[in-house]
Amino acid sequence: MKSVRILDGGMSRELLRLGAHLRQPEWSALALIETPAIVRRVHEEFIAAGADIITTNSYALVPFHIGEERFRLEGRRLMSLAGRLAREAADASVDRRVLVAGSLPPIFGSYEPQRFMPDRVHDYLGALVEELSPSVDVWLGETLSLVTEAEAVRIAVAGTSRPLWISFTLDDEPGAERRPAALRSGESVEEAARWIAGSGAAALLFNCSRPEVMRRAVEEAASVFAQERCTIEIGVYANALATEEQGAANETLHAVRNDLSVDGYSSFACEWAESGATIIGGCCGVGASHIRCVSARFKVGER
């Protein structure tokens, strides 16, 4: 098994646990506006749990969450703040180097490939890249539902010197784990991996989907990269959301699964690593306790 780097977990529930007030539609962006010190504390707790990479709290800094007017008036300040808080927490680490990943989210809504607007996306991505750039070590285009979204991220960061990681969210409807892995757009993981192989990206990740669908995606991506003879890293950060919940992503606070303990999640993480993943963390509902357990598993394995 290759060495595994640990990514952080989901931001929003850790913000709530530490006392931040969140509401829709602003969601995690509200903590940047009202309680930025708690945002930094979340970063610090993930680092203490063993995260080697922490992610900027910039996911909700898009008009989908904060509205067009606030985006124009306050967006850049909040983006810069999100970057600085992560950078300060990473630089305060005394026992190891911690990287900061600049979160570049789906601009027009999570799980909403049909809303993608190629003629407008760069107005928003450009602002995020410009304001986060002084603080980040790597770009993370995350929770992307279609390859065209990933291409927009690739173009947006092309003028920077930081590596690019692309993370797709997967179809995780019941029974999806028994089918070839696919993005929420319906595009196959094989198709996405072949695009990644020629994109210049340094890593392909899968996030914000049930743990059960991740292993097949990792295996299929690894197969493509072996065929293409490319050395692109593969990563996973699944969510712990209850699948019976109704409503669109980011519409409400979804329940967390009762059957997914910290040990259960770390067992999934070991499966992903055995299949070829070298970057592992967590998404919605996966907190610092999960990351601590995952980190401990891999640190034991590296002795």
* **Given (1) open to solvent by less than 10 Å² (accessible area, probe 1.4 Å); (2) modelled with pLDDT of 95 or more, index of the condition residue 109 fails** => (2)
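Among 174, 180, which is at pLDDT below 95, surrounded by fewer than 19 Cβ atoms within 10 Å (Cβ to Cβ) and not basic (Lys, Arg)? Full working, then the answer.
Values: 180 fails: at pLDDT below 95.
Every option except 174 fails the conditions.
Mind checking which residues of the stretch 31-46 are assigned to a helix (DSSP H, G or I) and without any contact (Cβ under 8 Å) to a residue 24 or more places away in the chain?
Result: 34, 37, 38, 41.
Quick one: is residue 60 in contact with a Gly (Cβ under 8 Å, 6 or more places away or on another chain) and surrounded by 19 or more Cβ atoms within 10 Å (Cβ to Cβ)?
On the way: in contact with a Gly (Cβ under 8 Å, 6 or more places away or on another chain): no; surrounded by 19 or more Cβ atoms within 10 Å (Cβ to Cβ): yes.
So residue 60 fails the test.
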* **Within the stretch 101-119, considering residues that are part of a loop (DSSP other than H, G, I, E, B) and without any contact (Cβ under 8 Å) to a residue 12 or more places away in the chain, the one farthest from residue 52 (Cα to Cα)** => 119
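Those residues that are of a type outside the set (Val, Ile, Thr), within 21 Å of residue 119 (Cβ to Cβ) and open to solvent by less than 30 Å² (accessible area, probe 1.4 Å), I need them from the stretch 155-169; list them, please. Walk me through how you get there before you give the answer.
Looking only at the stretch 155-169, we keep the residues that are of a type outside the set (Val, Ile, Thr), and these are 156, 158-159, 161-165, 167-168.
Checking which are within 21 Å of residue 119 (Cβ to Cβ) leaves us with 156, 158-159.
Passing the criteria: only 156.
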* residue 71 modelled with pLDDT of 95 or more and buried (at least 17 other Cβ atoms within 10 Å of the Cβ) -> yes
* Kindly establish whether residue 134 is farther than 24 Å from residue 79 by Cα, more than 18 Å from the chain's Cα centre (by Cα) and open to solvent by 60 Å² or more (accessible area, probe 1.4 Å). => no
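Looking only at the stretch 1-30, count every residue that is assigned to a helix (DSSP H, G or I), crowded, with 19+ Cβ neighbours inside 10 Å and not hydroxyl-bearing (Ser, Thr, Tyr) and tell me the total. Let's see the steps before the verdict.
Step one: of the stretch 1-30, the residues assigned to a helix (DSSP H, G or I) are 12-17, 29-30.
Imposing the further condition that a residue be crowded, with 19+ Cβ neighbours inside 10 Å reduces the set to 12-15, 29-30.
From the residues that got through so far, the ones that are not hydroxyl-bearing (Ser, Thr, Tyr) too are 13-15, 29-30.
Summing the residues that are assigned to a helix (DSSP H, G or I), crowded, with 19+ Cβ neighbours inside 10 Å and not hydroxyl-bearing (Ser, Thr, Tyr) in the stretch 1-30 gives 5.
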* **Those residues of the stretch 1-39 which are in contact with a Cys (Cβ under 8 Å, 6 or more places away or on another chain) and of a type outside the set (Lys, Arg), in sequence order** => 9, 10, 12
* Structure fact -> Checked the stretch 202-234 for anything touching a residue at least 24 places away in the same chain (Cβ under 8 Å), surrounded by fewer than 24 Cβ atoms within 10 Å (Cβ to Cβ) and not in a helix (DSSP H, G or I); matches are 202, 203, 210, 230, 232, 233
* Residue identified as in contact (Cβ under 8 Å) with a residue 40 or more places away in the chain and in contact with a strand residue (DSSP E or B) (Cβ under 6 Å, 6 or more places away or on another chain) among 156, 150, 182 -> 150
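The values are calculated or read from the model by the stated rules, or taken from the named source; none is laboratory data. These numbers were taken from a predicted model, which means no experiment stands behind them. Counting neighbours? That spans all protein chains shown, and the Cβs are built from the backbone with ideal geometry, glycine included. All accessible areas refer to the heavy atoms of the entire protein, side chains included, with ligands and DNA or RNA removed. Shrake-Rupley method; radii C 1.70, N 1.55, O 1.52, S 1.80 Å.
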